[in-house]
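Novice: One structure, as C-alpha cells, below. Some questions next.
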Amino acid sequence: MKVSGVEIQVVQGDITRQEDMAVIVNAANSSLRGGGGVDGAIHRAAGPELKKESSALAPIGPGQAVITGAYRLPNRYVIHCVGPVYGVHKPEDELLASCYRNALRLAEKQQLDSIAFPAISTGVYGYPMREAAQVMFKTIIEVIPELKHIKKIRIVLFDHPAYELHRQALEACHTE
Ligand code: AR6
C-alpha cells in the first residue's frame, strides 16, 4: 500500500534477515542489554559489540527510542524501542504509538530511505495483536506526511496468523 509516496509493506519473516532495509527496529527492554524474542535474535545476529553500544545509552523508558550501529547485521543501523508492558505502562496505546513515531523520526533524521519494524509489545509484553496493529498503522499513516527520506516501511511478522492479521488491519486502514 502507498501513502503519499511511501510504501507500507507487510511480510512474513525474520527481522534479522531484511538485507534491503537501511534500519531495523528492535523490541527491546529498558536495559538495552538484549533479552528474548526479537531482542535476542537481533543481538545474536549483530554480535556482542551491539550490547556494548546499546547498553551505554540505557536506561530508556516505554515509548522511547535510540539508534545504534548494526554490526554483523546486514543493515546500517538498529533503532531500539521499548514498548509498553500491556496492563502496566499506561496509557499503553499512546506509549506504543510513541515507539513507532520516535523510531520513524530517528530514521528520518539519519536520512534513511527504508525501515523495518517487528510487532512491538505483542510477545512477552502481552499487547493484544489486533489492538497493537491498529495503533501501529494509525501512527505510521499519521507520521508519513513528515517524512522526506523514508520511502519504504516494512512490517515483519514472524508467523502466518500474525501476517494475516496485519495484512487485514492495513487493508482496513486503507478503506476507512
Ligand atoms: N522477527 C520478527 N518478529 C519476531 C521475531 C523475529 N526474529 N522473533 C519474535 N518475533 P517480543 P515485546 C515476534 O517478545 O513483546 C524481550 O525479552 C513475536 O512473535 O520479541 O516487545 C525484550 O528484551 C511477537 O509478535 O517483544 C523485552 O524484555 C513480536 O515479535 C521483551 O521481550 C514481539 O515479541 C519485549 O517484549
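Novice: Take the conditions touching a residue at least 12 places away in the same chain (Cβ under 8 Å) and either more than 27 Å from K138 (Cα to Cα) or among the hydroxyl-bearing types (S, T, Y) (or both) and apply them to P48. Does it pass?
Specialist: Values: touching a residue at least 12 places away in the same chain (Cβ under 8 Å): no; either more than 27 Å from K138 (Cα to Cα) or among the hydroxyl-bearing types (S, T, Y) (or both): yes.
Taking the combined requirement at face value, the residue does not satisfy it.
Novice: Given the structure, is E108 at pLDDT 95 or above, assigned to a helix (DSSP H, G or I), more than 21 Å from V11 (Cα to Cα) and not hydroxyl-bearing (S, T, Y)? Talk me through it step by step, then tell me what you get.
Specialist: Values: at pLDDT 95 or above: yes; assigned to a helix (DSSP H, G or I): yes; more than 21 Å from V11 (Cα to Cα): yes; not hydroxyl-bearing (S, T, Y): yes.
The answer is yes for E108.
Novice: For the stretch 11-19, does any single residue satisfy the condition of being touching a residue at least 12 places away in the same chain (Cβ under 8 Å), closer than 21 Å to C173 by Cβ and in contact with a Lys or Arg (Cβ under 7 Å, 6 or more places away or on another chain)? Working first, answer last.
Specialist: Quick first cut of the stretch 11-19, residues touching a residue at least 12 places away in the same chain (Cβ under 8 Å) only: 11-19.
Next, from what is left, pick out any that are closer than 21 Å to C173 by Cβ: 11-12.
Adding the requirement that they be in contact with a Lys or Arg (Cβ under 7 Å, 6 or more places away or on another chain) leaves 11.
Yes, because at least one residue in the stretch 11-19 is touching a residue at least 12 places away in the same chain (Cβ under 8 Å), closer than 21 Å to C173 by Cβ and in contact with a Lys or Arg (Cβ under 7 Å, 6 or more places away or on another chain).
Novice: Filtering the stretch 17-41 down to residues that are assigned to a loop (DSSP other than H, G, I, E, B) and of a type in the set (D, E), which residue is farthest from the ligand (Cβ to nearest atom)?
Specialist: Start the filter on the stretch 17-41 by keeping residues that are assigned to a loop (DSSP other than H, G, I, E, B), which leaves 18-22, 29-36.
Applying the additional criterion that residues be of a type in the set (D, E) yields 19-20.
Numbers: E19: 14, D20: 16 Å.
Out of the qualifying residues, it is D20.
Novice: If I ask for residues that are open to solvent by 20 Å² or more (accessible area, probe 1.4 Å) and among the acidic types (D, E), which ones from the stretch 1-53 would you list?
Specialist: Matches in the stretch 1-53: E7, D14, E19, D20, E49, E53.
Novice: Looking only at the stretch 162-176, how many residues end up being aliphatic (A, V, I, L, M) and more than 15 Å from the ligand (Cβ to nearest atom)?
Specialist: 2
Novice: Please work out which residue is nearest to the ligand (Cβ to nearest atom), limiting yourself to the stretch 127-161 and to residues that are free of Cβ contacts under 8 Å to residues at least 60 places away in the same chain and open to solvent by less than 40 Å² (accessible area, probe 1.4 Å). Show your work before the answer.
Specialist: Start the filter on the stretch 127-161 by keeping residues that are free of Cβ contacts under 8 Å to residues at least 60 places away in the same chain, which leaves 127-136, 138-139, 142-143, 146, 148-149, 161.
Checking which are open to solvent by less than 40 Å² (accessible area, probe 1.4 Å) leaves us with 127, 132-133, 135-136, 139, 143.
Details: Y127: 7, A132: 9, A133: 10, V135: 13, M136: 11, T139: 15, V143: 20 Å.
So, considering only residues that are free of Cβ contacts under 8 Å to residues at least 60 places away in the same chain and open to solvent by less than 40 Å² (accessible area, probe 1.4 Å), the one nearest to the ligand (Cβ to nearest atom) is Y127.
Novice: OK, next. Taking R72 as the residue in question, decide whether it is near the ligand (Cβ under 9 Å from one of its atoms), basic (K, R), farther than 16 Å from V156 by Cβ and outside any helix (DSSP H, G or I). It would help to see each step written out before you state the result.
Specialist: Numbers: near the ligand (Cβ under 9 Å from one of its atoms): no; basic (K, R): yes; farther than 16 Å from V156 by Cβ: yes; outside any helix (DSSP H, G or I): yes.
It is false that R72 is near the ligand (Cβ under 9 Å from one of its atoms), basic (K, R), farther than 16 Å from V156 by Cβ and outside any helix (DSSP H, G or I).
The values are calculated or read from the model by the stated rules, or taken from the named source; none is laboratory data. All values derive from a computational prediction rather than experimental measurement. We place every Cβ from the backbone using ideal geometry, glycine too, and count neighbours over all the protein chains shown. The accessibility values were calculated without ligands, DNA or RNA, using every heavy atom of the protein model including side chains. Shrake-Rupley method; radii C 1.70, N 1.55, O 1.52, S 1.80 Å.
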